[in-house]
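The values are calculated or read from the model by the stated rules, or taken from the named source; none is laboratory data. From a predicted model like this one, the values you see are computed outputs, not experimental measurements. All Cβ positions, even for glycine, are placed from backbone atoms using ideal geometry, and neighbour counts span all protein chains on display. Keep in mind that these areas ignore ligands, DNA and RNA; they rest on the heavy atoms of the full protein, side chains included. Shrake-Rupley method; radii C 1.70, N 1.55, O 1.52, S 1.80 Å.
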Amino acid sequence: MQLSNVLSTALTGLNAAQTALNNISDNITNVNTPGYARKVVNQEAVVVGGQGAGVQVTGLQRIADQFLQNQLNIASSDAERYTALGQLQDSIQALLGNPSNNTTFSSSLDTMFSGFDALATDPSSSATRITALNDIQSFGDDMSRLSSQIQTLRGEADGHVGDDVTTVNDALQQIQDLNKQILQQKISGGDTGALEDQLQSAVTTVSKIVDVRTFS
């Protein structure tokens, strides 16, 4: 083997080792970066004329379990849904108040029914009739107040839905663009690891709002 061939073979090893070192550095640097997945360098032997001519890097492989990622997406969607429902229910419960409190909507309803009972017992009493009418008026005011507050909550929920729709649409557009870039990189033999990290990050954004399943 000529000296130039020996040097050329050795140079392929140095280049592959440099790529591997750069990848290790990138993995360590991004160990705490959200959405980053570890990469490994794929290598294969170079054979020319039946003889070994060194090594070449065939690409970087993103290490991620697709099944676990899909399960995480599903869990994220469920968690966000129950969180939103819980917050809405807590808000409605705060409006209704504690049943043991005498100033709540339910106590106002009980007071009105008690007034009806008293009126049925002594319908000729003007004081009882006035009290019953006042109880009805008070209950009607409470109903009006509660209705207004619930409509406010409904408007806030609609606003959140609108914001989420915008977020999902933006993320879906990003996913579409990244899919095209990843395909182009694969055709040209380029590294797609960073693009795939961005893609997964966009999918995670969608999964926090709607139920989503992905496949390659």
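Determine, yes or no, whether Gly13 is in a helix (DSSP H, G or I), in contact with a strand residue (DSSP E or B) (Cβ under 7 Å, 6 or more places away or on another chain), open to solvent by less than 50 Å² (accessible area, probe 1.4 Å) and not aromatic (Phe, Trp, Tyr). The answer is yes for Gly13. The test for being touching a residue at least 24 places away in the same chain (Cβ under 8 Å), open to solvent by 70 Å² or more (accessible area, probe 1.4 Å), on the phi < 0 side of the Ramachandran plot and not acidic (Asp, Glu) holds for Met143.
Listed here are the residues, each with its yes/no results for (1) of a type in the set (Gly, Ala, Ser); (2) at pLDDT below 90.
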{"residue": "Arg129", "(1), (2)": "no, yes"}
{"residue": "Leu146", "(1), (2)": "no, yes"}
{"residue": "Ala157", "(1), (2)": "yes, yes"}
{"residue": "Val168", "(1), (2)": "no, no"}
{"residue": "Gln174", "(1), (2)": "no, no"}
{"residue": "Asn179", "(1), (2)": "no, no"}
{"residue": "Gln198", "(1), (2)": "no, no"}
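Kindly evaluate Thr166 against the criterion of being polar (S, T, N, Q) and surrounded by 13 or more Cβ atoms within 10 Å (Cβ to Cβ). No: the conditions fail for Thr166. Residue check: Gln56 meets all listed conditions (1) open to solvent by 50 Å² or more (accessible area, probe 1.4 Å); (2) under 14 Å from Gly193 (Cβ atoms) but one, namely (2).
Scanning the range 169-216 for residues that are over 17 Å from Ala84 (Cα atoms), open to solvent by less than 80 Å² (accessible area, probe 1.4 Å), β-branched (Val, Ile, Thr) and assigned to a helix (DSSP H, G or I) gives Ile175, Ile182, Val203, Thr204. Would you say Leu88 is under 29 Å from Asp158 (Cβ atoms) and either surrounded by 14 or more Cβ atoms within 10 Å (Cβ to Cβ) or not aromatic (Phe, Trp, Tyr) (or both)? Yes; evaluated as a whole, the condition is true for this residue. Cβ separations smaller than 7 Å between residues 6+ apart or across chains give the following pairs from the range 48-61 residues that are farther than 13 Å from Leu14 by Cα to residues that are open to solvent by 60 Å² or more (accessible area, probe 1.4 Å) and not in a strand (DSSP E or B): Gly59/Asp191; Leu60/Asp191.
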